[in-house]
Amino acid sequence: MNLIKLSLAAVLFSILSGCSYIYGEDGLIRSEKYDYVVAKQEKELELPAPLTQKGKEDYTVVPRIGKEGNNKVYGKRLAQAAPIQLLAVLENTRVDRKSSVPAVLIVDELEFVWQTVTKFIENHNISTSVLDSDNKMLISQWMAIEDGGVWLGLDGSEEQELIRAQYQISIQKGEIKGEYRLTVERIKSQAREDEDEPWKNIPVTWQESADMMNLLLSYYDTRIRIQDARHQQKIMAGFKVELGQNSEALPALLTSAEESLVWEKIPKVMTELGLKVIDKDLRQKTYFMEYEAVEEGFFASLFDEERPVLQLEPGAYQISLSKNGDQQALTLRDGQGVALEADVLVKLFPELSRLFGDRR
């Protein structure tokens with residue numbers, strides 16, 4: 001008898017503990033949460049006898065949902081979530097606010113951006129139905145979608161369960177030179193109530209496309225950081241410079257290092273040399289500097305012990321970077337832009353060679 005009572009208590013507890021048996025659309029206490037979706041007007045509004053109404057129309061009539069409204073999200077798929085913002089937070093990215101689909105303008109090499117897109121697709125095992133490398137556009141095959149977000153990491157062999165979608169990612173030229181427009185759009189969405197039922201098309205929201213865009217931008221940010229770290233390592237490693245002439249036959253330092261590495265290394269070397277960089281001109285590839293001679297005296301020798309004594313007059317100087325065939329040329333000039341004589345550059349060369357070649 002006790003065993004029977006215990007069994008009945010266990011069954012009753014399991015029933016009561018499962019909220020779905022009590023509350024919900026099929027529970028003992030039916031949920032009325034989504035009744036508004038199928039709401040209908042049952043009867044005309046009746047006014048009390050003392051009151052009058054000039055018009056015959058009933059001001060409480062709920063209008064029918066129009067064609068455009070039917071394509072919007074309502075009912076169970078209506079999510080009350082915070083607005084999604086595109087994560088275009090890098091210095092070389094900005095949101096294209098004129099676009100009707102999530103779009104970001106990026107100042108970068110076209111091939112690097114496209115490579116980021118294809119690597120992102122590959123890393124998440126997303127199969128493509130269209131992959132057009134010439135026009136920088138791809139369309140994914142059906143992807144399984146998690147309720148409320150993007151579900152990545154499937155290898156394509158697993159069956160989509162209740163929600164699936166297709167995405168289109170493309171890159172076009174932007175508004176200014178060197179800028180490209182990256183767009184991500186969820187072009188199709190389908191859902192079903194059960195795995196045995198057929199798929200049905202459902203509306204696509206801007207937020208659903210933005211979710212995928214943000215995942216791609218996050219991956220792009222990671223690749224940029226890795227690229228910058230490798231670039232800094234190259235700068236730190238240093239490079240060899242030699243005495244020679246620039247394309248105008250003026251005394252200069254020559255190197256086979258990449259232009260970007262040389263440009264970023266210059267201010268570090270000039271500062272170590274004792275010149276203060278005060279400005280730069282990216283278009284002319286020129287740094288503007290000032291040099292103050294080392295003061296003589298006991299205290300000056302204490303604080304400027306490691307600072308080299310240069311054979312330079314105090315004043316303004318420039319250093320410009322230019323192409324010389326397959327090499328880069330570094331030309332030191334005075335404040336007026338006149339190249340320094342060869343004998344002055346020869347005296348500076350030992351320190352310049354050491355500093356450009358050092359890991360710093």
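Could you go through the stretch 120-134 and let me know if any residue there is out of contact with any Leu (no Cβ under 9 Å at 6 or more places or on another chain) and of a type in the set (F, W, Y).
no
Give the stretch 166-190 a look and list any residue that's among the hydrophobic types (A, V, I, L, M, F, W, C) and surrounded by fewer than 18 Cβ atoms within 10 Å (Cβ to Cβ), or say none. Step through it out loud before you land on a result.
Here is the first cut: in the stretch 166-190, the residues among the hydrophobic types (A, V, I, L, M, F, W, C) are 169, 171, 176, 182, 184, 187.
Within the stretch 166-190, I176, I187 meet the criteria.
So, I65, is that one part of a loop (DSSP other than H, G, I, E, B), modelled with pLDDT under 95 and within 23 Å of S218 (Cα to Cα) or not?
Considered against the rule, which asks whether it is part of a loop (DSSP other than H, G, I, E, B), modelled with pLDDT under 95 and within 23 Å of S218 (Cα to Cα), I65 comes out as no.
Kindly establish whether S260 is small (G, A, S), within 19 Å of L87 (Cα to Cα) and exposed (fewer than 14 other Cβ atoms within 10 Å of the Cβ). Lay out the reasoning, then the answer.
Numbers: small (G, A, S): yes; within 19 Å of L87 (Cα to Cα): no; exposed (fewer than 14 other Cβ atoms within 10 Å of the Cβ): yes.
The answer is no for S260.
Would you point out which residue out of D358, D326 is at pLDDT below 75, at negative phi and not β-branched (V, I, T)? Show your work before the answer.
Working: D326 fails: at pLDDT below 75.
The match here is D358.
So which residues in the stretch 100-132 are hydroxyl-bearing (S, T, Y) and assigned to a loop (DSSP other than H, G, I, E, B), if there are any at all? Explain how you work it out, then say what you get.
We begin by selecting, within the stretch 100-132, every residue hydroxyl-bearing (S, T, Y); these are 100, 116, 118, 127-129.
Passing the criteria: S100, S127.
State the number of residues belonging to the stretch 316-360 that are within 42 Å of the chain's Cα centre (by Cα) and more than 17 Å from V277 (Cβ to Cβ). Spell out how you get there, then give the answer.
Let us first name the residues in the stretch 316-360 that are within 42 Å of the chain's Cα centre (by Cα), namely 316-333, 335, 337, 351-360.
Filter once more, keeping what is more than 17 Å from V277 (Cβ to Cβ): 322-329, 353-354, 357-359.
So the count comes out to 13.
Of the residues R181, R223, R230, R186, which is over 26 Å from I266 (Cβ atoms) and assigned to a helix (DSSP H, G or I)?
Details: R181 fails: assigned to a helix (DSSP H, G or I); R230 fails: over 26 Å from I266 (Cβ atoms); R186 fails: assigned to a helix (DSSP H, G or I).
Every option except R223 fails the conditions.
From the set of residues in the stretch 196-220 that are part of a helix (DSSP H, G or I) and among the charged types (D, E, K, R), which is nearest to I84 (Cα to Cα)? Let's see the steps before the verdict.
Of the residues in the stretch 196-220, the ones part of a helix (DSSP H, G or I) are 206-220.
Applying the additional criterion that residues be among the charged types (D, E, K, R) yields 208, 211.
Numbers: E208: 9, D211: 8 Å.
For the stretch 196-220, the residue satisfying everything is D211.
Name the residue that is nearest to Y167 (Cα to Cα), counting only residues in the stretch 93-110 that are surrounded by 11 or more Cβ atoms within 10 Å (Cβ to Cβ) and free of Cβ contacts under 8 Å to residues at least 24 places away in the same chain. Full working, then the answer.
As a first pass, look at the stretch 93-110 and keep what is surrounded by 11 or more Cβ atoms within 10 Å (Cβ to Cβ): 93-96, 99, 101-110.
Keeping just the survivors that are free of Cβ contacts under 8 Å to residues at least 24 places away in the same chain gives 94-95, 109.
Details: R94: 21, V95: 19, E109: 23 Å.
Here the answer is V95.
Restricting to the stretch 133-145, name every residue that is assigned to a loop (DSSP other than H, G, I, E, B), within 19 Å of R181 (Cβ to Cβ) and in contact with a strand residue (DSSP E or B) (Cβ under 9 Å, 6 or more places away or on another chain). Step through it out loud before you land on a result.
Of the stretch 133-145, the ones assigned to a loop (DSSP other than H, G, I, E, B) are 133-136, 141-142, 145.
From the residues that got through so far, the ones that are within 19 Å of R181 (Cβ to Cβ) too are 133-136.
Result: N135, K136.
Let me spell it out: the conditions are (1) part of a helix (DSSP H, G or I); (2) farther than 30 Å from I121 by Cα, and L253 meets all of them except one. Which number is the exception?
(1)
Mind counting the residues in the stretch 121-152 that are on the phi < 0 side of the Ramachandran plot, modelled with pLDDT of 95 or more and under 19 Å from the mean Cα position of the chain (by Cα)?
Result for the stretch 121-152: 2.
The values are calculated or read from the model by the stated rules, or taken from the named source; none is laboratory data. Quick caveat: nothing in here was measured; it's all calculated off a predicted structure. Note: ideal-geometry Cβ built from the backbone for every residue, glycine included; neighbour counts use all protein chains shown.
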